[in-house]
1. Given a 1.4 Å probe and every protein chain left where it sits, what share in percent of the accessible area of the chain is carbon and sulfur?
2. Relative contact order (percent) for the chain, with alpha-carbon contacts under 8 angstrom and 6 or more residues of separation?
3. Using +1 at the Cβ of each Lys and Arg and -1 at the Cβ of each Asp and Glu in the chain, identify which of MET77, CYS102, TYR150 lies farthest towards the dipole's positive end.
4. Taking a quarter of the surface of the Cα convex hull of segment 89-163, what do you get in nm²?
5. Mind giving me the nanometre distance, one decimal, between the label points for ASP46 and LYS130, set 7 Å out from Cα along Cα→Cβ?
6. Near LYS27, which aspartates and glutamates are there with a Cα under 18 Å away, not counting those fewer than 8 places off in the same chain?
7. Among the GluC sites (Glu not before Pro) in segment 81-163, which ones are in a DSSP loop with at most 15 other Cβ atoms within 10 Å of the Cβ? Mind listing them?
8. Determine the calculated [θ] at 222 nm for the chain from helices alone, applying -39500 (n - 2.57) to every DSSP H run no shorter than 4 residues and normalising by the residue count; nearest 500 deg cm²/dmol.
Amino acid sequence: MDLELLKQNAKNTETATKELFTRLKKKKPKQLDSIVHTLHDEVFEDLDCLECANCCKSISPIVIDKDIERLAKQFRMKPSEFINQYLYMDNENDYVFKETPCPFLMPDNYCMVYENRPRACREYPHTDRKRFYQILDLTLKNTHYCPAVYEVVDRLKKKKEQL
């Protein structure tokens, strides 16, 4: 999995992706979720996130209060201590990890806190969620980091006549 090639491909196809996503935002096709979920399933038949873990290595999830409470409990810390040690508030007033790669990513790409990982990590890469049209901007960003998202979007472009 060549992540530099992924970034280049995502950059090269970004205009076409934006055009498709602009159309989808306006139209909100009823069958979009069904098509994207099928593509998600197809892509993940061949892809193993543990081989990549680029999301954990290069972007930080939003960490909500419930995540903080759960993780602090796992480490036997007060939530405020967990925040001070691991998190900062970004320019959108969301808590995110202070550093990348994720402090809980182990050398074998497994997650040290997998059972208690943040909700955003549980839901990533978001290509199987309902009302997919609501996260098209996020999906565009994720095409630069996640081979699965790039592949789902690439296959979606080939189905634009169905949308």
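1. Working: 4830 of 10130 Å².
Summing carbon and sulfur atoms, their accessible area is 48 percent of the total for the chain.
2. Working: 167 pairs, mean separation 62.9, N = 163.
Normalised by residue count, the contact order of the chain is 39 percent.
3. Comparing the listed Cα positions along the dipole, TYR150 ranks first.
4. Working: hull surface 25.9 nm².
Computed as one quarter of the Cα hull surface, the answer is 6.5 nm².
5. 3.1
6. Partners within reach: GLU19, ASP137, GLU161.
7. Details: sites: GLU81, GLU92, GLU99, GLU115, GLU123, GLU151, GLU161; in loops: GLU92, GLU99.
Filter output for segment 81-163: GLU92, GLU99.
8. On the way: 8 runs with 86 residues, N = 163.
So the calculated ellipticity at 222 nm is -16000 deg cm²/dmol.
The values are calculated or read from the model by the stated rules, or taken from the named source; none is laboratory data. A quick note: this is a predicted structure, and the numbers were derived from the prediction, not measured. Reconstructed Cβ throughout: ideal geometry from the backbone, glycine too, with neighbour counts over all protein chains shown. Please note that ligands, DNA and RNA were not included when accessible areas were found on the heavy atoms of the full protein model with its side chains. Shrake-Rupley method; radii C 1.70, N 1.55, O 1.52, S 1.80 Å.
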